[in-house]
Every structure is written in C-alpha cells, then in structure tokens.
Amino acid sequence: MADKLIIFDTTLRDGEQSPGASMTKDEKLRIARQLERMKVDVIEAGFAASSNGDFECIKAIAHAIKDSVVCSLARANDRDIARAAEALHGGAATRIHVFIATSALHMEKKLRMTPEQVYEQAKLSVRFARKLSGDVEFSPEDGYRSDPDFLCRVIEAAIHEGATTINVPDTVGYAIPELYGGFIKSLRERIPNSDKAVWSVHCHNDLGMAVANSLAGVQLGGARQIECTINGLGERAGNCSLEEVVMALRTRRDYFGLELGIDTTQIVPASRLVSQTTGFVVQPNKAIVGANAFAHASGIHQDGVLKARDTYEIMRAEDVGWSTNKIVLGKLSGRNAFRQRLQELGIELDSEAEVNATFAKFKELADRKSDIFDEDILALVMDESVTSQHEHYRLLSLSQASETGKRPHAKVAFLAGATQREAESDGNGPVDASVKAIESVLHSGAEMLLYSVNAITSGSTESQGEVTIRLQLGGRVVNGVGADPDIVVASAKAYLSALNKLESKVERVSAQG
C-alpha cells in the first residue's frame with residue numbers, strides 16, 4: 001500500500017500574515033469548516049500567544065472541528081506553549097507547533113542568542129510542550145539556511161524530547177528543488193533517531209519554487225507532510241499552494257506513489273471562500289483555481305478537447321470542484337431553499353435572527369439581479385457577519401452624480417459608533433468623490449495602498465462587484481472588502497471596512513515558520 005502524505009494547511013496562520021489578510025473569528029471558523037470538508041489532515045488555526053483574538057479563534061476552531069487535527073503555533077518559550085495548550089484544550093485532536101530560529105543570521109541578528117542557548121531553548125521547549133500534548137511539531141525557523149551540523153544536533157534533541165513531527169522550513173524561499181530535497185535526505189540519514197518522527201516541509205515562494213521545493217522534499221527527501229495554504233496565500237510571495245501540490249501528487253501518482261485523503265472537489269469552493277474573505281483576488285491564469293485554468297481559446301485546442309478531453313486536459317475541471325458551482329437560486333426561491341444552500345456551502349449562522357437578516361438581503365439582491373450564484377451568497381453572509389458584529393463604521397446610504405464634462409459628486413451617510421454622519425464631496429470619479437466625502441468627516445490620515453475591483457461572478461454585467469481597499473496607518477496594513485451590484489457602493493463599503501479594522505487596533509505578533 002502506498003505511503004500516506006499529510007496535508008498541513010496554514011492558511012489561517014501563515015496565510016493570514018499577508019499584509020491586510022487578517023480575518024475575524026467567524027471568517028476563520030467558516031474557512032476551518034471548509035478545510036475540514038476538504039479532509040485536510042492538519043489545520044494550523046493560528047498563533048495563540050499573538051493576541052487575545054487569535055487565542056479565541058483557535059479555541060473556537062478546536063471545539064468546532066472534529067475530523068482534522070487543530071494546531072497552534074508557539075515560540076519556544078513556556079508562556080507561548082502554555083497559551084497554545086490552553087487554546088486547544090478540549091479539542092478532538094490537537095497539536096502544538098513549536099519553533100525557534102537556527103540559522104546563524106537569525107540567531108545573531110534577531111534572537112541575539114548563541115547557538116548553545118538556542119539548542120537548550122529548543123530542547124526544553126519541546127520537553128515542556130510534550131507534557132501538555134501528545135502531538136508536538138518542531139520547526140527550526142530558517143532551517144534551510146542553517147548550519148547542517150548544528151541543525152542535526154538540534155533536531156536530534158527535539159526528537160529525543162518527544163517531537164512527533166519535524167518540519168524543515170525554507171522560510172525565505174531560497175531553496176532550489178534538487179538541493180532542498182537532498183538537504184532533507186541528508187538530515188534524515190545523519191540523525192540517528194530520525195525514524196521516530198514524521199518529516200515535514202514548509203516552503204515559501206519568493207523565487208516561485210515553493211511547490212517544486214515541497215515536492216522535492218517529499219520525493220527526494222522522504223518527507224511525509226507538506227505545509228501549504230489555499231491559493232498560496234502568505235506573506236511576501238506566499239506559501240506553497242495547497243491546490244497545486246495536491247493536484248500534482250494526484251495527477252502524477254504514477255511518479256509519487258503517495259496516498260492523499262483530500263476531497264479535491266472542495267478545492268475550488270475553498271479557493272473562492274478564502275479569496276472573498278481576504279480580498280486577495282485569484283489571478284485568472286492561476287493553476288487549478290484560476291478562471292482560465294480549464295479554458296481553451298485556441299481553435300486547435302478546442303477541437304482536440306471536443307474530440308477527446310485528455311488531448312489538452314490532464315485533469316477534469318469537476319474533479320477540483322468547478323462543476324459544483326451552479327446557479328441555484330433566484331427571486332422566487334424561498335427561505336428553505338436558501339437555508340439548504342447555506343448548509344451545502346458549509347455556512348453555519350449562529351441564530352435564526354442572523355438567518356432571517358441574511359435571507360432579507362438575499363431577497364433584496366434577487367430583486368436587483370436575476371440569478372444568484374454561490375459567490376453572491378458567500379458575499380451576503382460575510383457582509384451580514386460584519387454588520388452583526390456592530391462594527392464602528394457602517395454605510396447607510398450613498399448617492400452620486402456623474403456626467404460627462406462635469407465633476408462627479410457624492411453624498412454619503414454612515415454610522416460612526418451610534419452617531420449618524422453625513423458628508424459630501426467632489427472627486428475625480430464617483431469612487432474618489434465617495435471616499436473623499438467619508439474622509440472629509442473622519443480625517444483618518446490613512447494611506448491607500450491598493451484599490452482593486454473584481455467581478456464576484458463572471459459572464460454578466462449584473463454581477464456583484466467586489467472591491468478590495470488596502471490602507472496603511474501607523475505601520476499597520478489592513479484590507480477592507482465590500483460587495484454590491486453598484487461598484488461605487490461596494491467601494492464605500494470596502495473603505496469603511498478597512499477603517500473598521502484600523503479602528504479595532506488589534507495587535508499581532510509576527511511569526512514565521
């Protein structure tokens with residue numbers, strides 16, 4: 001029987017470290033449930049010691065998820081590890097993931113610790129974590145750029161103290177596939193107790209080789225766990241892409257010979273959920289989940305596919321979930337049909353009142369566009385979840401006038417706490433006028449880094465527009481996402497959404513693995 005490969009998803013932890021990609025507890029829970037439906041083996045839910053918010057997210061996910069292992073990251077100190085254990089307490093299956101940097105550069109410049117101090121800290125932290133959990137993963141941060149002799153010594157001690165998984169990160173995406181695979185192989189051969197732990201790879205995509213490096217770590221190095229994220233989400237150039245590495249292993253099973261437990265039909269729904277939640281749009285030519293991944297424009301290609309699909313397709317679109325997303329609802333659909341579709345999408349609303357509020361918004365949207373797609377429903381749910389959290393800023397109404405030869409003008413009414421504020425302004429366009437109207441009252445001082453518009457569904461001018469606005473203020477970077485058939489309204493919602501995140505002043509501790 002073929003070896004089983006463990007898929008470790010870190011979208012909710014490492015993926016969330018993308019500038020502006022922070023998520024609410026409800027959003028994280030929704031994504032975690034989708035990962036569970038996909039049958040992901042391990043879900044890294046967050047970094048418990050980084051903030052009270054992250055702690056509560058991990059706690060909620062650990063209690064909600066039954067079929068996947070739920071993991072929390074922790075630095076190699078007792079406080080972080082105890083906090084992770086506390087957040088995971090009561091979960092069906094849990095793991096503590098301990099890390100400390102081992103490269104000379106990181107030890108000297110970042111940790112300001114000697115190699116001997118790092119060795120002792122790694123050993124003692126794994127020992128402490130093992131007392132709190134039967135499943136402990138250890139990661140030497142920047143492992144690929146670490147001295148091999150020192151790394152062998154640290155990993156051997158970590159396994160001796162009870163680490164059940166050893167993860168060797170290419171934290172800065174410096175590796176080359178053949179060299180990285182050989183590096184993992186060498187470590188496993190040199191460390192006497194290497195057979196006592198599962199070996200794992202965690203690769204970043206700075207040189208565009210995260211997937212290739214991860215596969216090399218498996219095939220050449222003998223690793224049996226891959227750490228990855230949905231859509232390759234992550235800081236800088238991102239992480240190894242779950243959908244790409246999973247479909248590479250499945251499509252080329254003849255070469256890799258490994259078993260996967262992943263339900264690949266849930267890949268596209270997961271991709272869309274993460275994209276809509278974070279506001280990070282999937283590029284059309286992205287492998288597996290991009291809009292053009294199974295599109296054929298060339299006449300020769302079209303002719304070949306019509307005669308035999310495998311002439312130009314090595315995978316079936318339906319195998320990754322493309323065929324599951326069909327028009328199912330419209331203005332005549334009732335509450336029960338809507339509730340059923342929510343269940344099929346894995347959406348669990350907290351109360352009947354929330355269901356009713358979301359259904360009311362659905363009916364309002366159905367009056368404005370004839371066909372409601374799954375993506376529309378997800379956008380509605382996310383909009384309602386934001387509203388139900390009593391965000392500080394909330395759009396009430398917007399009117400704008402735009403005419404050729406005249407300067408656009410916008411009037412905006414919104415809530416700021418319990419106070420209704422009204423403002424108006426001219427601008428270079430209706431979106432600019434709306435944003436300037438809001439700023440004329442709030443004077444936030446935030447710098448806009450990104451304004452992006454994306455159609456939630458394709459093929460019609462009726463589609464809802466999804467706007468992502470990225471703001472920076474005082475060193476913090478946040479994304480705001482808004483959706484509406486009126487792109488100007490969507491833009492105002494996105495701007496207020498970003499301001500809400502700046503208002504929350506959530507403090508996070510950066511962590512890399």
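The values are calculated or read from the model by the stated rules, or taken from the named source; none is laboratory data. Note that the coordinates shown come from a computational prediction; the quantities given were computed from them, not determined experimentally. Glycine also receives a Cβ, built like all others from the backbone with ideal geometry; neighbour counts cover every protein chain displayed. Side chains are part of the model used for accessible areas, which takes the heavy atoms of the whole protein and leaves out ligands, DNA and RNA. Shrake-Rupley method; radii C 1.70, N 1.55, O 1.52, S 1.80 Å.
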Inset, instruction - Taking only segment 437-458 into account, find how many residues are assigned to a strand (DSSP E or B) and either hydroxyl-bearing (S, T, Y) or open to solvent by less than 10 Å² (accessible area, probe 1.4 Å) (or both). - result: 2
Legend entry - Unique residue being closer than 22 Å to Q276 by Cα, open to solvent by 30 Å² or more (accessible area, probe 1.4 Å) and among the basic types (K, R) when the list is R470, R421: R470
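Against the condition within 26 Å of V281 (Cα to Cα), in contact with a helix residue (DSSP H, G or I) (Cβ under 6 Å, 6 or more places away or on another chain) and surrounded by 13 or more Cβ atoms within 10 Å (Cβ to Cβ), how does Y393 come out, does it pass? Walk me through it before giving the result.
Numbers: within 26 Å of V281 (Cα to Cα): yes; in contact with a helix residue (DSSP H, G or I) (Cβ under 6 Å, 6 or more places away or on another chain): yes; surrounded by 13 or more Cβ atoms within 10 Å (Cβ to Cβ): yes.
Yes; evaluated as a whole, the condition is true for this residue.
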Inset, instruction - Working only within segment 165-222, note down all residues that are of a type in the set (K, R) and either buried (at least 24 other Cβ atoms within 10 Å of the Cβ) or more than 15 Å from P148 (Cβ to Cβ) (or both). - result: K196
Inset, instruction - Among the numbered conditions (1) in contact with a Lys or Arg (Cβ under 7 Å, 6 or more places away or on another chain); (2) in a loop (DSSP other than H, G, I, E, B); (3) without any contact (Cβ under 8 Å) to a residue 24 or more places away in the chain, tell me where T461 comes up short. - result: (1)
Inset, instruction - Considering only segment 344-370, state which residues are among the polar types (S, T, N, Q), under 25 Å from V268 (Cα atoms) and modelled with pLDDT of 75 or more. - result: T358
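Only one residue in I65, I6 is at pLDDT 95 or above and surrounded by 22 or more Cβ atoms within 10 Å (Cβ to Cβ), so which one is that?
Working: I6 fails: surrounded by 22 or more Cβ atoms within 10 Å (Cβ to Cβ).
Of I65, I6, the one residue that is at pLDDT 95 or above and surrounded by 22 or more Cβ atoms within 10 Å (Cβ to Cβ) is I65.
Residue by residue through segment 84-123, note down the ones that are open to solvent by 30 Å² or more (accessible area, probe 1.4 Å), aliphatic (A, V, I, L, M) and assigned to a helix (DSSP H, G or I).
A104, L105, L111
Consider segment 35-49. How many of its residues are in a helix (DSSP H, G or I) and buried (at least 24 other Cβ atoms within 10 Å of the Cβ)?
Within segment 35-49, residues that are in a helix (DSSP H, G or I) and buried (at least 24 other Cβ atoms within 10 Å of the Cβ) number 2.
Does V268 count as open to solvent by 40 Å² or more (accessible area, probe 1.4 Å), in contact with a helix residue (DSSP H, G or I) (Cβ under 7 Å, 6 or more places away or on another chain) and either under 18 Å from V40 (Cα atoms) or in contact (Cβ under 8 Å) with a residue 40 or more places away in the chain (or both)? Spell out how you get there, then give the answer.
Values: open to solvent by 40 Å² or more (accessible area, probe 1.4 Å): no; in contact with a helix residue (DSSP H, G or I) (Cβ under 7 Å, 6 or more places away or on another chain): yes; either under 18 Å from V40 (Cα atoms) or in contact (Cβ under 8 Å) with a residue 40 or more places away in the chain (or both): yes.
No, not satisfied.
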Inset, instruction - Give me a count of the residues in segment 214-231 that are part of a helix (DSSP H, G or I), in contact (Cβ under 8 Å) with a residue 40 or more places away in the chain and either polar (S, T, N, Q) or farther than 11 Å from V168 by Cβ (or both). - result: 4
